[in-house]
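A short worksheet on the structure shown next.
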Amino acid sequence: MITLGRGLTLFTIVALTISYQIDDIQTTAVAARTVREAAPLILAGLCGLVSERSGIINIGIEGQMLLAAFCGFLGASYAVESMGSTPALLVGVLAAMAVAAVAGLFLAWTSIKLRMDQIIAGTVINIFAIGATSFFFAQGRTMPKVPNWSVPGLDEWPLVGRMLFDHGPFTYLAILVVAIVHVALFHTRWGLRTRAVGEHPSAADTVGVRIFRLRYVNLAIGGALAGLAGMALLQSASVFNRGMTNGKGFIALAVMIIGRWRPGGVLAAAVLFGFFNALQAQLQFKQAFDIPPQFFGMIPFVLTIAVLAAAGLSARPPAAVGQHYETE
Amino acid sequence: MTNDTPLLEARGLTKRFPGVIANDQVDLVLHRGEILGLLGENGAGKSTLVKMLFGIHQPDEGEILLRGERITNDGPGESIARGISMVHQHFQLVPPLTVAENIVLGAEPVRGLRFDKGAANDRVREISERYGLTVEPTDVVEQLPVGLQQRVEILKALYRGAELLILDEPTAVLTPQETDELLAILRDLAATGVGIIFITHKLREVLDVTDRVTVLRRGKSVGTVATAEATSASLAELMVGRSVVLRVDKTAAEPSEPVLTTSELRVRDDRKRELVSGVDLEVRSGEILGIAGVEGNGQRELVEAVTGVRPIHAGHATIVGQRVAHDPRSVRELGVAYIPEDRERDGLVGVYSIADNLVLTSYHTAPFARTGVRQFPAIRQLATKLVERFDVRTPSIETPVSSLSGGNKQKVIVARELSVENQLVVASQPTRGVDVGSIEFIHQQLIDARDKGAAVLLVSAELDEIFALADRIAVIYEGRIVAELDPNTTSREEVGLYMAGGG
Amino acid sequence: MGDASWLRQLVLPALAVVLGLFAGALLILISGDNPLTAYGGLLEGALGSWEGVGRTLDKATPLVMGGLAVAFAFKAGLFNIGGQGQLLLGAAFAGWVGYFFDLPAIIHIPFALIVGGLAASVLGATAGLLKATRGTHEVISTIMLNFVAANFTEWLVSRDGPWNDPDGGALARTPEILPSAELPRIGDLPVGFLVAVAAAALMWWVVRKSTLGFEIQTVGANPRAAKYAGISVTRITVVAMGISAFLAGVGGAIQTLGVNGRFEPGFNTGLGFDGITIALLARTNSLAVVPAALLIGALDAGSTLMQSRTDVEPEIISVIQAFILFFVAAPSAVRWLLRLRADAIESDDMQLASGWGA
C-alpha cells in the first residue's frame, strides 16, 4: 500500500505541475478549492470511521453535521454579543461538538439499549436535524467570520501557497486530526480495543473489555468530530443555511469506505472527492473539456460502489459493524 | 487444602432450557496436571456443561468447587481472574490483529498513553518459549493456519495465568497433523500442572491423550472411566448407548436399479477445505443406505452436494442417469426429497404457517399455483390432509411453524418431502432432538418410502438409527467411505471402530 | 390473521403518531406558540377544504410510492434507501416521454409512467445485483446511486444536456410535457393519487397471492431455507430491488405528469427518508402505506396554513416525523414512556443493518 500511496502522491505532483504550466490560475484555484472542500469531508469521514471501527454504522453523520453547524452558528452568534469574536467562535465550536456528540450518544443508546436498527436510528437523526434546524432557525443573525490563517511567507509560493498555507483553522485542524486519530487507533489501548470490538466483539467481551462503554465513548468522539465538520462548513459559508450539509454526511460514508476505514485513507479519499467537486465547480464557470461537469460529479460515487464491489481491494468493513451484540 | 483436593469439582449440575434438560445431575472431577476427556455425541450436553463451568451459563441446580471452595457463577471475566480459561470451538480471536495484540487484549501493557507493542511482543515471546508453543508475535492472526490460531488461543489463556483450561472440540477444525501437534501440546501443558478438560467426540483422541474420560449421553453422565482401562469399543458403546430400543417392522430390502451414484466425488466446505475426498456410492431403488460416521467427517457436504445445494468440486453424482447440477430446484425435479440436517435453519421458514411450509418446495407447481397465482384452497386442502396423515400436533394449519415442538416441526418437513412419490430420499439426521414417538413415526415413513420403490440415503450419527433402518451401512471417516457393511452380519462395535478411524 | 390481532397491530403506529405529535407540540410551546392553534391550522389546511384535501392527496402521492418502494424491499429483507435517486430518474424519464412523444393520452400517460419506472428499476436492480453477487450492502450502494442519479438527471436537462428546454434560457429543465401526457384531476382529486392507490393494491396482491411474492418473502424471512427449497436468492434479490425502485420511479413520474408538468432537478429532496417512515408506520403492509402516506402528506399540506396562523415553521413536520419514526422503530421506548406491559404492543423486529461488506 505504501508504494501505491507514493505512486499516487507522485502522480498528483506531476499532474499538478503540468497543469500549472498550462493554466496557472485555474490550477491554483482548483487546488486550493480541493483542500477547502476536503476539510469537512475528512472530519465527517473520521466520525464515520470512529463509529464503525467500534461496530456501529452511522448514517446519521449528515444530521450530526447539520445540527453542529446550526448550534455552532447560534452559539457563536449569541456569544459575540458579550465577548470578542475569537472566544465567541470557541463557544460555537464547543456547542457544535456537544450537540453532535449527543446525537452520537443517541445512536449508541438506540442500538445498545433499544436494539433499534442502526440504519433507521441514523435516519431518525437525519430527519430530525433537517426539521429542528429549520424550525428554530431565525433569519438575519450573523456570526463572527472564521478567520483565515495564511502562513506568512509560505502562502506567497506559487500554487502550493494557496493550496496548503492559506486556509481557515478548521482545515488545518482536519489534517491534524487525521494524524491524531491514526496514532490513537493504531498505537493506544483505546485503538486496539476499538478495532477488536468492531471486528469481534465477543472476543473482546470474553477478555473483559467493556464493549458497550467503548461504543458510547466512540460515538461521542465521532460526534465531536462531526461537530468540527459542521464548523468547517461554517468556515466557508459564514452563515447557517437550511440543509447546508447538502449530502456531505453521506459523501463522508463514501470517503470512509474508499479510505478503507483508515485515517490516512480517509484523508486521501476526501481529497479525491474534494478534487472532483472543485473541478466540477470550476468547469461550471469555464467549459474546458467536452465532458459535462456532472460526469465528474458522478465519478467518486461510481468509484465507491466499484471499490465495494471489487473483492480483494481490501475494502473490508469492520466485521461486526451493524450487528447487535448478544451477551449470553 | 490438601494435595488431593481436586482442582475442580462439579456436583449435580443441572441446566434446563425451554423444552429440554441439557444437563441432568452431572458430576465431574478434575485434578491438577490431569487431562479429562469429555466425550459425547452432538447434543449430549458437553458444551452446556463447560459453559456452566466457565461462567457463561448459570446452573439451575448443583454446585461448582474450585480448589475445594464453592464458587458462584459470575461470568467469564471472573472465571478468567480465577484461573479458568476456555478455548471456544469458534475462536475468540480478532482476525486482523496480530498474535501479540490478540493475546494481551483486555490486559494490555501500556507506557503512558501508548499501547506498548514492544512489551506485548516480549511477553508473548517469553510465554511461548516457556510452554514450547512457538508463535511469531507480530504475525497477523487471519493469515495463520487454523492450528496456529488455536495455539494463540491457548497462549491467551496462559498469559492470563490459566490453571484450568477448557477446550471445546478443539480438533473439529484441525487437520490430522495439526491434531497430533495439539495433543502433544496438551500433554506438555498438563505436565506443568495445568488441569485440562478436553471435549471431543473422537475416540482416538480420547484414548491418545486423556487420563480419565467422562461420557455424557442425552444430558446425563453415563460414566467416568480411567482411559488406561478403556477401549474404543467400550467408549463407543457408552457414547452411543443402546437404551432406546428402536423397533421398526421392516421386511428385507428388494433393491433394483441404481438411483443415486457418485463417482470420485469431491466437495469443499465454505473455507475451501476438501471435506469429501473421493466418495463412490450407489443407492438402489428399494433400499436404505445408511451413512454412519461421527459428525464432521464430510456427511453434511456430501448430502449438500448430491442435493444440488453445494457445488461439486470434482468427480460427479448422477440421479436416475442425470448429472447433479449446483441447482437445488433441478435436482428436486428429478424426484428427490431432502430432509436437511438443520431443520430450523434450512428446512423451514419459522414465521410461515404450517400450510406455507408444506408447499415450500412445491408452491410454484399445480395445483398450488396457476400462472404464477397461488391457489389457496388447494394449499389448505393439502395442509389439512397432511397434518392429519402425518399426525402434526397443532391448533391449526395457519399456526406459525416456529411455535411447534421439535418433533412436530420435523413431521412438517417429513410430510412435505415424503407425501409425494420420490425416486430418491435424502434424510440427514432425521430424528435429532425429536421425541421417541415421533422417531418411530418418522422411521416408519422412511421404510414406507423405500417399500414404494424409492432409494433412501440416510445419514445419522445415531448408531441405533442406522441399525434400525439401513439395509446396507457405509461408514464415512475423514471424507472417505472406509467400510461398507451388512447390518445383519456386523456389530455396532465394529461400526464404532470404523467410525473412530480404526479397523 | 384474526380481527383482534389486526387491531393490535394498530397499537404501535397509533401510539407513535400520538407521541410524535405530542413531541411536536412541546417544541411549538418552547418556541412560544400555541400548539392547539398550530395543529388547528394544520388540520384545517390539510382537510378543511376540498382544495386542501386535493393538496393533501398531491403531497401524499409520491409518499405512497416511496413508502411502497421501501416496504416492498423490506419484504425481501432489503433496505432500499435510494428512493430519492430512483424518483429523480423516474421523474426525468417521464418528463422526456411527456414532451418528446406525441401520443394519445390513453397510451401516452401509461407509457410515460412505465418508462419512468423502468429507468428507476435499472438503478435498483443494479444495487440488487451487486448485493447478490458481490455482497455490496444495498444501503450504501443505493445512497451512492442517489448521487449518481442526481448528477445524471441534472446533466440530462442542463444547457448541454439532450433534454434541455431550449426556451428555458439558463434554466436546467425539460420542455413542458404535452397535454396528452398530463395526469388530470377529477375536481380536486388528482388521478395520480388513484394510480398510487392502485399500485398499493397491486403490490398487496403480488405479496399475498402470487408465487413471486411468496418467493420474495421466503428470501426475506430465511434465505437459507429459500435456497434449499430451490428459490434463486440472486434472482429474487435483483427482482425485488428492481420492483422496489420501479415503484419509486413511478412516484417521480406521477410528480412530473400530475404536479410539476416538466422535470426540474432538485425537487422533493428527502423523499427517500419519508418512504422509510411511511413503510415502518405501515409495518410494511402495502395497503396500510396509503393511510400512513396520507397522514404525512396531510401534515405537509397543512403546514402552510399553520405557518400563516402561528409563525410555526413548516419544518416542524420533519421533527414530528423523526419522532414518529423513532417510536415506531423502538417499541421498547414507547413501552417505557407509557409504562405499558410488554405484550401490550405487537412489534416485529426490524433488523436490517448487518454489515456493509460481504
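If you take the Cα centroid of region C:116-155 and the Cα centroid of region B:433-492, the two points sit 51 Å apart. The dipole here belongs to region B:348-420: it is taken about the Cα centre, uses +1 on the Cβ of Lys and Arg and -1 on the Cβ of Asp and Glu, and is about 80 debye.
Taken about its Cα centre, the protein assembly as shown carries a charge dipole of roughly 1500 debye when the Cβ of each Lys and Arg holds +1 and the Cβ of each Asp and Glu holds -1.
Put the Cα centre of region A:40-87 next to the Cα centre of region B:310-326 and the gap is 59 Å. Rounded to whole numbers, the Karplus 3J(HN,Hα) couplings from phi for region C:163-177 are 10, 5, 7, x, 8, x, x, 7, 5, 8, 6, 7, x, 5, 6 Hz, using 6.51 cos²θ - 1.76 cosθ + 1.60 with θ = phi - 60°, and x at Gly and Pro. Summing +1 for each Lys or Arg and -1 for each Asp or Glu among the other residues whose beta-carbon sits under 13 angstrom from that of C:THR237 gives +3.
The label point for C:LEU36 and the one for B:ASP60, both projected 7 Å from the Cα toward the Cβ, are 5.8 nm apart. Ranked from largest to smallest solvent-accessible area, with a 1.4 Å probe on the protein heavy atoms, C:TRP336, C:TRP155 come out as C:TRP336, C:TRP155. If you sort C:TRP205, A:TRP149 by accessible surface, 1.4 Å probe, largest first, the order is A:TRP149, C:TRP205.
Positive contributions from Lys and Arg (+1) and negative ones from Asp and Glu (-1), summed over other residues with Cβ under 14 Å from the Cβ of B:ARG393, come out at 0.
In order along region C:242-259, phi translates into HN-Hα couplings of x, 5, 4, 5, 4, 4, 5, x, 5, x, x, 4, 4, 4, 5, 6, x, 10 Hz, rounded to whole numbers, per the Karplus curve 6.51 cos²θ - 1.76 cosθ + 1.60 with θ = phi - 60° and x for Gly and Pro. Measuring with a 1.4 angstrom probe and ignoring ligands and nucleic acids, A:PHE135 comes out at about 10 Å² accessible. Note on C:LEU189 and B:ASP327: their simple-model spin labels are 4.9 nm apart, each label 7 Å out from Cα toward Cβ. Probing with 1.4 Å while keeping every protein chain in the model, the per residue accessible area of region A:127-180 equals 52 Å².
Heavy-atom accessible area buried between chains A and B is around 1900 Å² (1.4 Å probe, both sides summed).
The peptide list B:326-339, B:289-302, put in order of mean Cβ contacts within 10 Å with the highest first, becomes B:289-302, B:326-339. Proximity of backbone amide H atoms, modeled 1.01 Å from N, is registered between B:GLY278 and B:LEU265, B:ARG266, B:VAL267 at under 5 Å, excluding neighbours fewer than 5 places apart on the same chain.
Ordering A:PHE212, C:VAL64, C:ILE231 by Cα displacement along the dipole of the protein assembly as shown toward the positive end leaves C:VAL64 in first place; charges were set at the Cβ atoms of Lys, Arg (+1) and Asp, Glu (-1).
Chain B and chain C together bury an accessible surface of about 1900 square angstrom, both sides counted, with a 1.4 Å probe and no ligands or nucleic acids included. In region C:34-310, carbon and sulfur make up what percent of the accessible area (probe 1.4 Å)? Answer for region C:34-310: carbon and sulfur cover 64 percent of the accessible area. Per residue of peptide C:303-316, the mean number of Cβ atoms on other chains within 10 Å of the residue Cβ is 2.
Long-range amide H contacts for B:GLU61: which residues qualify at under 5 Å (H placed 1.01 Å from N, peptide plane, sequence gap of 5 or more or a different chain)? Hits under the 5 Å cutoff: B:THR14.
Since only B:ASN297, B:VAL194, B:VAL140 are under comparison, the one whose Cα sits farthest along the positive direction of the charge dipole of chain B, derived from C-beta charges on Lys, Arg, Asp and Glu, is B:VAL140.
Modelled spin labels at C:LEU340 and C:ALA14, positioned 7 Å past Cα toward Cβ, are 1.0 nm from each other. Heavy-atom accessible surface of chain B, averaged per residue, reaches 40 Å², computed with a 1.4 Å probe.
Using heavy atoms of the protein chains and a probe of 1.4 Å, the accessible area assigned to B:HIS316 is about 60 Å². Against the criterion of solvent-accessible heavy-atom surface with a 1.4 angstrom probe, C:ARG159, B:ARG370 sort, most first, into C:ARG159, B:ARG370. Across region C:209-216, rounded Karplus estimates of 3J(HN,Hα) from the backbone phi angles (6.51 cos²θ - 1.76 cosθ + 1.60, θ = phi - 60°) give 10, 9, 5, 4, x, 4, 4, 4 Hz, Gly and Pro being marked x. Computing FRET efficiency as 1/(1 + (r/R0)^6) for C:SER180 and B:ASP269, where r is the C-beta to C-beta distance and R0 is 41 Å, gives about 0.10. Averaging the Cα positions of each part gives two centres, and for region C:208-243 and region A:132-170 these lie 53 Å apart. Between B:ARG130 and B:VAL351, residue separation times 0.36 nm minus the direct Cα-Cα distance comes to 74.2 nm. Rolling a 1.4 Å probe over the protein heavy atoms of chain B, with every protein chain left in place, gives an accessible area that is 48 percent carbon and sulfur.
Only Lys, Arg, Asp and Glu carry charge here, each on its Cβ (+1 for the first two, -1 for the last two); on that basis chain B has a dipole of about 1220 debye about its Cα centre. Computed with a 1.4 Å probe over protein heavy atoms only, the accessible area of C:PHE72 comes to about 10 Å². Take each residue in A:201-214, count the other chain C-beta atoms within 10 Å of its C-beta, and the mean is 5.
The mean count of C-beta atoms from other chains within 10 Å of the C-beta of residues in C:319-330, rounded to a whole number, is 6. The Cα trace of the protein assembly as shown gives Rg and Dmax of 33.2, 101 Å, the first to one decimal, the second as a whole number.
Would you be so kind as to identify which of A:LEU94, A:ALA309, A:SER82 lies farthest towards the positive end of the dipole of chain A, taking Lys and Arg as +1 and Asp and Glu as -1 on Cβ and the Cα centre as origin? The listed residue farthest towards the positive side: A:LEU94.
Neighbours of A:SER150 by Cβ distance under 12 Å: Lys/Arg scored +1, Asp/Glu scored -1, total -2. The contact residues of region B:94-115, meaning those that lose at least 20 Å² of 1.4 Å-probe accessible area when all protein chains sit together rather than their chain alone, are B:VAL94, B:PRO96, B:LEU97, B:GLU101, B:LEU105, B:GLY106, B:GLU108, B:VAL110, B:LEU113, B:ARG114, B:PHE115.
Using a 1.4 Å probe over protein heavy atoms, the accessible area lost on pairing C with A, summed over both chains, comes to approximately 4200 Å².
Over region C:34-310, accessible surface divided per residue gives 34 Å², non-protein components excluded, 1.4 Å probe.
The values are calculated or read from the model by the stated rules, or taken from the named source; none is laboratory data. Remember, it's a predicted structure, so these values are computed and weren't measured experimentally. Note: ideal-geometry Cβ built from the backbone for every residue, glycine included; neighbour counts use all protein chains shown. We work out accessible area using only protein heavy atoms, side chains counted, and drop any ligands, DNA or RNA first. Shrake-Rupley method; radii C 1.70, N 1.55, O 1.52, S 1.80 Å.
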